[in-house]
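Visitor: Attaching a single structure in structure tokens format; questions to follow.
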Amino acid sequence: MRQSKNFFSNMSPSRILMLPPLHKKLLLGVGMLVGISLLMPTDRVNSPQRIPVALDVESFVTSFTADDSLQIDANLADFQRTIVKGDTLSALFVEANVDQQTMYRVLEADLNILALDTLMPGNQIRFWLDDSGELQKLELYFSAARQVVFSRYEEGGFKVDEINVEGIWQNRALTGEIQGSFYLSAQHIGLNAGEIQRIESLLKEKLNFSRDLRAGDQFSVLISEQYIDGEMTGNSDILGVMIQRGSSSINAYQNSDGNFYDEQGRSLARAFQRIPLQRNYRISSSFNRHRHHPVTGRTAPHNGTDFATPIGTKIVAPGDGIVTMVTDHRYAGKYVVIDHGSKYRTRYLHLSKALVHKGQRVSRGQVIALSGKTGRITGPHLHYEFHVNGRPVDPMKANIPMASTLSKQQMQEFSQLVKVRKMMMGQV
Ligand SMILES: [Zn+2]
């Protein structure tokens, strides 16, 4: 549930910013949301929070009904470590006393989600071994909001489970003034690099950030931040941005459809094209959440669409975005990941060549890679994935933004939402 208490209702966002961090934390999302929270459209479903439990295994296990096997306390792990810069997966497995063959089986299980490749310094890895020293369970702890758990099947393979905790999302309005670059000014009021990059990319066609802003220009941002057990997870979402430049203002608000529009309802994000190719190719394997493995009989999801592309076929970005990964994987082959804002992500596997580098901005239609047959596959093809809010969806059917204007009724609802957000951002 979003919290809405009313005892700080007369505090303005700027006053809250002046409070020391502890107070800020207590106040977050509380004061500004009086009654408003009920009006806010949201499609987030808040699942119950994780409950801190003492180290009493009996009561611990019985307190969870969902999947007890996933709820083993970290303190019981046989080996656990916080990832530091320079760590490699094979070195971590050696440290944990787990052989390379087992590591490959884990990597194989990871093919569907590719979580191991996203481990960053600060994340944790935890190993549970049985009495004979065999790996029973491996947990990747990314944050309180996200863990990935590999559990061993009796005959030796691994299954993989993703745990995504929704927690509580709280809104916060920030206001600032341009002094120096937009980046520095935004950093000054507490936005992080990713959030600033999202704002810049959102408004890039409306504003030249290095040329159009003057010292003293005002800006405000409405941001939604995720909390679990009262701690910020680092996940956030931009809900509104307003930049006042002299007498004119530039603004963007996220609609309930997840897309950004200006106050007049004009779409800011450019639409996606359906496939990341310059012409159609035969689909050799469709997206299938419940695909059955013909040999093992187990359900192994096919999280993407396979196109029968000959080696060297040009692959294009289906929408504007930022390249977040270019890497090689034993089973997925050479692959590229592009983030399109905070909501959408695309992934391209089995490439012969990547033509972009990590951190690069790409535009819709730009050639990003050549298809191939790297990794463990039988014939050349492109495996294409489309993720919405971290979950894979069928790229051929998903309701992805293709339209650029709102219908009359959508516009009415949007205007209402803009009114509320402007109020929260301290604009009349
Ligand atoms: Zn595939």
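The values are calculated or read from the model by the stated rules, or taken from the named source; none is laboratory data. Small disclaimer: the values here were computed from a predicted structure and weren't measured. Don't worry about glycine lacking a Cβ; one is built from the backbone with ideal geometry, like all the others, and counts go over all protein chains shown.
Visitor: Of the residues that sit in the stretch 277-330 and are modelled with pLDDT of 90 or more, of a type in the set (Ser, Thr, Tyr) and assigned to a loop (DSSP other than H, G, I, E, B), which one is nearest to the ligand (Cβ to nearest atom)?
Guide: So the residue we want is Ser286.
To keep it simple, each residue is scored yes or no on (1) farther than 13 Å from Tyr253 by Cα; (2) touching a residue at least 40 places away in the same chain (Cβ under 8 Å); (3) not charged (D, E, K, R).
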| residue | (1), (2), (3) |
| --- | --- |
| Ala369 | yes, yes, yes |
| Gly372 | yes, yes, yes |
| Tyr384 | yes, yes, yes |
| Glu413 | no, yes, no |
| Met425 | no, yes, yes |
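Visitor: Another question, if that's okay. Please go through the stretch 200-217 and give me each residue that is farther than 24 Å from Asn259 by Cα and not charged (D, E, K, R), ordered by number.
Guide: Ser210, Leu213, Ala215, Gly216 - these are the residues of the stretch 200-217 that are farther than 24 Å from Asn259 by Cα and not charged (D, E, K, R).
Visitor: So, one more: Quick one: Glu263 ticks every box in (1) assigned to a loop (DSSP other than H, G, I, E, B); (2) within 16 Å of the ligand (Cβ to nearest atom) except a single one, so which number is it?
Guide: So Glu263 meets the others, but not (2).
Visitor: Could you check Pro276 against (1) crowded, with 22+ Cβ neighbours inside 10 Å; (2) under 30 Å from Gln179 (Cβ atoms) and say which number it fails?
Guide: Evaluating Pro276 over (1) crowded, with 22+ Cβ neighbours inside 10 Å; (2) under 30 Å from Gln179 (Cβ atoms) leaves (2) as the failure.
A quick yes/no check of all residues on (1) surrounded by 15 or more Cβ atoms within 10 Å (Cβ to Cβ); (2) within 16 Å of the ligand (Cβ to nearest atom); (3) among the hydroxyl-bearing types (Ser, Thr, Tyr):
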position: Arg361; (1), (2), (3): yes, no, no
position: Gly379; (1), (2), (3): no, yes, no
position: Tyr384; (1), (2), (3): yes, yes, yes
position: Val388; (1), (2), (3): no, no, no
position: Met396; (1), (2), (3): no, yes, no
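Visitor: Can you find a residue that is more than 19 Å from Tyr331 (Cα to Cα), assigned to a strand (DSSP E or B) and under 23 Å from the mean Cα position of the chain (by Cα) anywhere in the stretch 125-135?
Guide: The answer is yes, given that some residue of the stretch 125-135 is more than 19 Å from Tyr331 (Cα to Cα), assigned to a strand (DSSP E or B) and under 23 Å from the mean Cα position of the chain (by Cα).
Visitor: Let me ask you something else. Between Ile368, Ile400, which is more than 16 Å from the ligand (Cβ to nearest atom), assigned to a strand (DSSP E or B) and within 22 Å of Asn303 (Cβ to Cβ)?
Guide: Ile368
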